[in-house]
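Right, one structure below, let's go through it.
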Amino acid sequence: MRKTVSVPRFWLLLWGLVISRPNYRHGLLPGLVSFLLLSGCQSAAFYTQATVGQSELLWHSRPIGEVLADPQTPEGIRERLTLVESVRQFAGEVLSLPANRSYQRYVDIERDFVMWNVFAAAEFSVEPELFCYPIAGCVGYQGYFNKADAVAFADSLATQGFDISIGPVAAYSTLGWFADPVVSSVLNYSEPDLAGLVFHELAHERVYIKDDTTFNESFATFVEREGTRRWLASSGQQADIPRLEKFQAQRDAVIDLIRSARSELQVLYMEGLSVEEMRWRKVAVFDQLQADYSEMRRAGDANDWRNWFDSHLNNAKLASIGAYHDRVEFFEQLFERANRNFEVFYRLVEELEDSPRED
C-alpha cells in the first residue's frame, strides 16, 4: 500500500541552515548536533540522519525542464515528468492547491523508497505512540531515510514492549517550507496514482494542523481522492472513473474491516482483564481479522493487501492505517457543506485549526 508523509518542520529548519553550505557534512552539522544534545530533543543521531538525508535529496535534484531537455533522459522518465507537469498545473488551476514551488525539480534516489516510517503502539493500546519535535509538534510516526536506521529504532522500541510497524514511504511533503522534488521512486505509478500522490502532498502544503496526524493525513487522502476523480474527468479518462471507484470501494471495505478490529481491541484493552487473558484474546482478534480478509479476498470484495496481512499484525499496524483514513468521511461531509467548491472547503478546514478534533 502506498504511503506518503509530511516531514516535521524542525527537520526543515535544520536543513535550511545546512544546505546553505556546500561543505555541510563537515562544517555546520557538529554545531547543530551539539545544540540538539543540549536541548534534550530526540537523539542527535536521528536529527543528523534527517538533516543529511533531506539535504542530499535537493542537492542532487535538477529542474524538470532541464531533465526534459537532456538527450540522455530515457523516454519513460520524460513522459512521466511531462505528466507531473500537467498534473501540477491542474492542481493549481482546478483544485486551488499551491502549485508554484514543489514538483518542479526531479531527483533519482536510486532506491525503491525515499523513507521508512516507524509506527509504535503500546502492547494494550490502539493509539499510536507520539514523537514530538520543536515547532512541528507531535506526530504518530518517526521517519528515517535509511531503512537500517528505521529497523534499529523499531527494534529499540520493541525491546521496551511496544508493538512496532515499519512502512516504506514513496514520497513526502515539507509542508511548503521548501520546493519538494519529484523522486524517482514514484515514476512507476499508474497515471491516476501518480496524480493522486501529487494532490495528496500539495494538500499538506495548503493545510497542516499541528499535533494531529490523523487530521492532516485524512484531509490529504480526501483531497487525493476527489482530485483524482476530477483530473480523470478533465483529461478525457472518464471511462477510468468507475474502475477507480471500484478500487476505492474495495480498499474502503478492507479499511472498515481493520477499523472494526481496532474498535474491538480498544474495548478489550479497557475491560480490566489479566495480562495473560488480554494477550490471548488480542491474538484471537488478529486471527479473525486475517480470516475475514482472506474470505473477502476470495469473494472478490477486497483488493490486494496480502503483503500487509502476511506480515505480523499488531496494534502499530492498525494505528498506521487509522492515521490516513479515520477522518476521510468527515472531510467528505465538509466538502458537501462547501457545495463541492475547493476554495470554500479549504476555508472551512482552516477554521478547524483551533479545534481540529471536533466535527
Which residue out of D292, D301, D287, D256 is outside any helix (DSSP H, G or I) and either farther than 30 Å from L97 by Cα or free of Cβ contacts under 8 Å to residues at least 12 places away in the same chain (or both)? D301
Just to be sure I understand the filter: pairs with C-beta atoms under 6 Å, separated by 6 or more residues or on different chains, first member in the stretch 57-70 and touching a residue at least 24 places away in the same chain (Cβ under 8 Å), second member assigned to a strand (DSSP E or B) and basic (K, R). Which pairs pass? S61/R105; P63/R105
Within the stretch 334-354, the residues that are assigned to a loop (DSSP other than H, G, I, E, B) and either loosely packed, with under 14 Cβ neighbours inside 10 Å or without any contact (Cβ under 8 Å) to a residue 60 or more places away in the chain (or both) are A338, N339, R340, N341, E351, E353, D354
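Here is a yes/no grid of residues against (1) closer than 20 Å to F247 by Cβ; (2) touching a Leu at 6+ places or on another chain (Cβ under 8 Å):
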| residue | (1), (2) |
| --- | --- |
| A170 | yes, yes |
| L175 | no, yes |
| V183 | no, yes |
| Y189 | yes, yes |
| G196 | yes, no |
| H204 | no, yes |
| A220 | yes, no |
| E224 | yes, yes |
Determine whether F330 is of a type outside the set (V, I, T) and in contact (Cβ under 8 Å) with a residue 40 or more places away in the chain. yes
Can you tell me which residues in the stretch 174-196 are surrounded by fewer than 23 Cβ atoms within 10 Å (Cβ to Cβ) and part of a helix (DSSP H, G or I)? S184, S185, V186, E191, P192, D193, L194
Kindly check whether there is at least one residue in the stretch 304-313 that is in contact (Cβ under 8 Å) with a residue 40 or more places away in the chain, assigned to a helix (DSSP H, G or I), within 27 Å of the chain's Cα centre (by Cα) and surrounded by 12 or more Cβ atoms within 10 Å (Cβ to Cβ). yes
Where residues in the stretch 212-237 are under 14 Å from G196 (Cα atoms) and of a type in the set (D, E), which of them is modelled with the lowest pLDDT? E217
Scan A171, A136 and give me the residue that is modelled with pLDDT under 90, within 26 Å of P74 (Cα to Cα) and not hydroxyl-bearing (S, T, Y). A171
Find all pairs meeting these conditions: Cβ atoms under 6 angstrom apart; at least six residues apart or on different chains; first residue within the stretch 270-283 and at pLDDT 95 or above; second residue outside any loop (DSSP other than H, G, I, E, B). R281/L268
Residue under question is F247, and the condition is that it be closer than 30 Å to E129 by Cα and either surrounded by 20 or more Cβ atoms within 10 Å (Cβ to Cβ) or not hydroxyl-bearing (S, T, Y) (or both); does it hold? no
Going by what's in this entry, would I321 be described as β-branched (V, I, T), touching a helix residue (DSSP H, G or I) at 6+ places or on another chain (Cβ under 9 Å) and within 28 Å of D155 (Cβ to Cβ)? yes
Subset of the stretch 118-139 (residues that are surrounded by 23 or more Cβ atoms within 10 Å (Cβ to Cβ) and within 17 Å of the chain's Cα centre (by Cα)): V118, F119, A120, P128, V139
Conditions (1) more than 22 Å from A50 (Cα to Cα); (2) touching a residue at least 24 places away in the same chain (Cβ under 8 Å); (3) loosely packed, with under 15 Cβ neighbours inside 10 Å; (4) not hydrophobic (A, V, I, L, M, F, W, C) -> R88 fails only (3)
G196 versus (1) closer than 19 Å to A171 by Cβ; (2) touching a residue at least 40 places away in the same chain (Cβ under 8 Å): which is the lone unmet condition? (2)
Taking the stretch 155-166 and keeping residues surrounded by fewer than 22 Cβ atoms within 10 Å (Cβ to Cβ) and either outside any loop (DSSP other than H, G, I, E, B) or in contact with a helix residue (DSSP H, G or I) (Cβ under 9 Å, 6 or more places away or on another chain) (or both) leaves D155, S156, L157, A158, F162, I166
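The values are calculated or read from the model by the stated rules, or taken from the named source; none is laboratory data. On a predicted model such as this, the values are computed, not experimentally measured, just so you know. All Cβ positions, even for glycine, are placed from backbone atoms using ideal geometry, and neighbour counts span all protein chains on display.
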